[in-house]
Amino acid sequence: MRHVIQHLFLAILVVALGAFASGPATATLAGTPHTNSVESIGPSNGNVVGVAHPVTIRFGEAVADRAAAERAVDIRATQPLGGTFAWTNDREAVWTPTGFLPANSRITVGVGNTRTEFNTNAGVFGDGNMSDHTFTLTVGGIPRTMPASYGKPGFQTPSGTFPVLEKDEAVVFDSRTIGIPLSSPEGYVINGEWAVRLTWGGVYIHSAPWSVGDQGNANVSHGCINLAPENAEWVFHTISPGDPVTLHW
């Protein structure tokens, strides 16, 4: 009996020591806990952004287990927020909210011990009606509609909802960046103003004094949203990165 008890005691001791050695389960990133592997989170602490703004998390090294990395991310206002992840490369994950973030809210992002907080604005929504040749910007529930011109046949403006990516007071529009050589009858190099970027492929809202006569009547651009200079300037100063712009027929 004493021999059996000794064996039972040793078995229990081995199990206990094994549990002690393994410790609590921790998601790892190439051998490093996620809590110590975050290089940056955007939007950065204290920023104010639109309600469609994604969250970008950049890890310090390649992520072997993407599912575990995603589970380590906590994004919430007063409650956890729903969204989907997409990976731009093996170190960077982009989280897009389901629907929109709550307006006028503080959003907290935590990945282990790394944490940031940013705020959303009152809710600024753009609506581009390509059939009516109008662009409407609604700020805090109050709309302002203005004449616009969109992409002509062969250069149609894409449909869908696009968060504002960035803004530039001045930008050079070069047809070569969208695959149109300068030697083409459609080629151009134009100094543009009040440019609000919607896609990395080159779709902007911008000032277009050359098409004011067509704005509100016809679509004549190469895919951008053309506005009169005074309207484009107002939109530029009112809209923010992350504000959603929906383009439709």
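The values are calculated or read from the model by the stated rules, or taken from the named source; none is laboratory data. Predicted model only: the values in this text are computed from it and were never measured. Positions of Cβ are generated from backbone atoms using ideal geometry, with glycine treated the same way; all protein chains shown enter the neighbour counts. Surface accessibility is based on the protein's heavy atoms, side chains included, excluding ligands, DNA and RNA. Shrake-Rupley method; radii C 1.70, N 1.55, O 1.52, S 1.80 Å.
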Just wondering, is there one or more residues in segment 228-239 that are of a type in the set (Val, Ile, Thr), under 25 Å from the mean Cα position of the chain (by Cα) and assigned to a strand (DSSP E or B)? no
Of (1) under 23 Å from residue 121 (Cβ atoms); (2) touching a residue at least 60 places away in the same chain (Cβ under 8 Å); (3) assigned to a loop (DSSP other than H, G, I, E, B), residue 199 satisfies all except one. Which? (2)
I'm told residue 50 meets every condition in (1) under 22 Å from residue 239 (Cα atoms); (2) out of contact with any Asp or Glu (no Cβ under 6 Å at 6 or more places or on another chain) except one. Can you identify the failing condition by its number? (2)
Among the candidates 98, 177, single out the residue that is open to solvent by 60 Å² or more (accessible area, probe 1.4 Å), under 25 Å from residue 215 (Cα atoms) and among the hydroxyl-bearing types (Ser, Thr, Tyr). 177
Taking the conditions exactly as written (among the small types (Gly, Ala, Ser) and open to solvent by less than 10 Å² (accessible area, probe 1.4 Å)), does residue 240 satisfy them or not? no
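Do you know which residues across segment 94-114 are part of a strand (DSSP E or B) and either among the hydrophobic types (A, V, I, L, M, F, W, C) or in contact (Cβ under 8 Å) with a residue 60 or more places away in the chain (or both)?
94, 95, 107, 109, 111, 114, listed by residue number.
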Here are some conditions: (1) at pLDDT 95 or above; (2) out of contact with any strand residue (DSSP E or B) (no Cβ under 9 Å at 6 or more places or on another chain). Residue 177 meets all but one. Which one does it not meet? (1)
Take the residues in segment 127-147 that are part of a loop (DSSP other than H, G, I, E, B), over 25 Å from the mean Cα position of the chain (by Cα) and in contact (Cβ under 8 Å) with a residue 60 or more places away in the chain, then tell me which one is surrounded by the most Cβ atoms within 10 Å (Cβ to Cβ). 133
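Taking segment 202-217, which residues are open to solvent by 80 Å² or more (accessible area, probe 1.4 Å), free of Cβ contacts under 8 Å to residues at least 24 places away in the same chain and part of a loop (DSSP other than H, G, I, E, B)?
Of all residues in segment 202-217, those open to solvent by 80 Å² or more (accessible area, probe 1.4 Å) come to 210, 217.
From what is left, the residues that are free of Cβ contacts under 8 Å to residues at least 24 places away in the same chain are 210.
Within segment 202-217, no residue meets the criteria.
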